[in-house]
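The values are calculated or read from the model by the stated rules, or taken from the named source; none is laboratory data. All of these numbers come straight from a predicted model, not from anything done at the bench. Here the Cβ positions follow ideal geometry from the backbone for every residue, glycine too, while neighbour counts run over all protein chains shown. The protein model used for the area step is the full one, side chains on, heavy atoms only, and it has no ligands, DNA or RNA in it. Shrake-Rupley method; radii C 1.70, N 1.55, O 1.52, S 1.80 Å.
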Amino acid sequence: MASPYYNASTSPPVVQGVLVNNNNNNNNNNKIYDHKHANHGIGAMETEISPHRNPLNPNNGGEDGGGDWIKGEAQPRRCNDVAFAILFYVHLGVMTWCAAVFGSRMYSEVAESAMNGGDGGGRERELGSGDTEYYGSETVETVSEWVAESGVMAWMVESAYNLISSVASFAANHSSSSSSENGGRALQEEEESNYGTTDIRDMMVLLVISTLIALVVSTMALSVLIRHAQFLIKFALLFNIAATALFAIGSLFLSPFAALMGTAMFVITVYYAYVVWGRIPFAACNLETATTAVKSNLGLAFFAYSSLFVMVGWSALWTVSFVSTMYVTCGCDGQAQCEKDPSEALAFFMLLSYYWTFYVISNVIHVTVAGTVGTWWFVPSEGSSCCSNGVRDSFVRSVTTSFGSICFGSLLVAILEASKQMIKNLRESEDGGGVLLCLAECLLACLQDIMEYFNKWAFVFVGLYGYTFVESGKNVLNLFKTRGWTTIITDTLANSVLRMLSAAVGLITGLVALAIAQIQGMVFGDELGASAAAFFIGFVVGTVLTSTLMTLVSSAVNTVIVCYAEAPREFQENHPKLAEDMRTTWRQFWPSEFYY
C-alpha cells in the first residue's frame, strides 16, 4: 500500500487533500497532513486499514458472496497508461494534418473546377485489355458505403463535401464576377429570392431563447428530482406501460406479426414493472443522493456543456479530414469523379478515430463526476459549491494523470464500435449479407454493450482513487463480488426517469419556441414548415442540453453505489439525512445484504 502522507500516527482516509475523520481512531481531533507530499491531491481517499469485516454483508467468507475487502486507496501521483495517451495525441495530430493538407488540396481543386465551369464528364480508366471503362461514381456516394448509410455520419460526409464545394464555387464565381456590378446585384437578388422570407436572425433568436429556457428548466428539474424521485420513477414505469399498450392496440390494425410483437412488448413491459416495483425506493434514494451531489457542484455542468462544443468541433475536423483523405486516396478530381474505391483499412481507421475521440470526451466528464461526487461524499466542505475544489481538481486529474486510463478504456469500446460498423456496412452492401455477418454484428454489439457497462464502473474507480484502467477493472469485480451485489447493480430505473425528463424539457422548450415564432411572425417556409421548424429547434436544443445535464446525474448514481459499498459510515457522518434514508431502504428490501 502507499505510505500515508499526513502528520498523524494513525492512518485516516484522505479525500482530495483533506483529512476525513478516522473511524478507527477514538480521538476525533482534526489533523492536518503534509500538503507538500509527492502524493498530494491524487485520488479521492487513502487508507492503511487492514482487511476487515464487511459491514454490508455479515456472511464474510461464506457462500453468499461475502468476504474480506480493502477500501480503495489513493495512488501515487503519476500518469497512468501513458502509452495510450501518447497514441491518442499522435492520432489527433495525424487527423489534423490530413484535414490541413488534404483539405486544402481538395478545396483548391474544387475551386479551380468551379472557376473553369467544369466539363461535367466522367473520367475514363485504362484497362489491361486496351479498352476503357467509364468510372464516374461520386465521392460522396462511394465513401458513404463505408459509413452508416442514411445515418448521421453519411450526412456529415455529404454535408462537408457540399460545404467545401459551395464555398469553393462561391469564391470562384465571386472572383470572376467582381468586375460586374450589375452581375453582383443580380446574384444578391437571386440569393434573397431563394431565402424568401426566411431570416437567419430569427433562427438565431430562437436558438438563444431555447438555450436559455432549457438551461433554466433543466436546472429546476434537478430540484424536482430531489423532492419527487419515487413519484417520477413510478410515473416513468406507468408511462412505458401506457405507451406499449397504445402500440399494441395500433399494431392490431397492421398485421398478425405486428400484433404479436406489440402484445409481447406490452406483456414484457408490465412484467418488468411488476418485478422492479419493489426496487423503486432504492432507486429513488440513489437518484436523490446523486442529484443532490450534482446540484451541490453545479460547476460540473460547465464542463459537460463545454464537451458538446468540443464534440461539435471534433466532428467538423473529422469530417473534413475524412472526406478530403478519401478524396485524395481515391484519386478524385474537382468534379467528384474518382479512379479508385475507398480502402477498407483506411475507412476502419477513420471510423476508429471518430469513435475513440467521442468516447474519450464522454469519459473525461464521467471520471470528473466520479471524483467530484467522491469529494462531496467524504469531504463536503471541499465539494459543495458551484466551483468547488473538488470539481476543479477532478477535472484536472481526468485530463492529466488519469487521461491515459480513459484513452485505454475508450479505445477498447471504439474498436468494437468501428468493427461492428464495418460489418454492418459490408452486410448492407451485399443486399442483406449472410448469416455469419449477421451473427458477427450481433456478437460485436453484445461485446460492445458489455464493455461499455464494465467501463462505466471502472472509470468510477479511476476518478475516485486514480487507479490504472486494469486495476480499476479488478477493483470493480472484486468489490461487487465480495459485496454480493451482482444482481443489484443492474438497476436501470434511474436512467429511465432521466430520459423522460430530458424529453419533457425538450417538449416544453419546443412549445415555447413555437409560441415565440407565432407571436413574432417568424416564418420558415410555408405555414406548416414554420411551425415545424420552430418547434424542432426548441425541442432539439432542450433535449440535448437536458440530456447532457442528466448524464451527470447518471454518472453520479454509479459513483454513489460504489461509495456506499465502500464507505457507508462516512456517508452517515457527512450526510446523515440522506444516509438514514438509504439505510432504511436497504434494510427494508435487502436485509440479507445489509449489515451496517
| Has segment 350-364 got at least one residue that is buried (at least 21 other Cβ atoms within 10 Å of the Cβ) and more than 18 Å from the chain's Cα centre (by Cα)? | yes
| So which of Val276, Val267 ends up being open to solvent by less than 90 Å² (accessible area, probe 1.4 Å), part of a helix (DSSP H, G or I) and at pLDDT 90 or above? | Val267
| field | Which listed residue, of Val413, Val379, Val391, Val396, is open to solvent by 60 Å² or more (accessible area, probe 1.4 Å) and of a type in the set (Val, Ile, Thr) | value | Val396
| task | Determine whether segment 576-595 contains at least one residue that is farther than 22 Å from Phe235 by Cβ, crowded, with 22+ Cβ neighbours inside 10 Å, modelled with pLDDT of 70 or more and of a type in the set (D, E, K, R). | result | no
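Taking segment 292-302, which residues are in contact (Cβ under 8 Å) with a residue 60 or more places away in the chain and either open to solvent by 40 Å² or more (accessible area, probe 1.4 Å) or over 20 Å from Asp393 (Cα atoms) (or both)? Outline the logic, then answer.
First pass over segment 292-302, keeping only residues in contact (Cβ under 8 Å) with a residue 60 or more places away in the chain: 292-301.
Within segment 292-302, Lys295, Leu298 meet the criteria.
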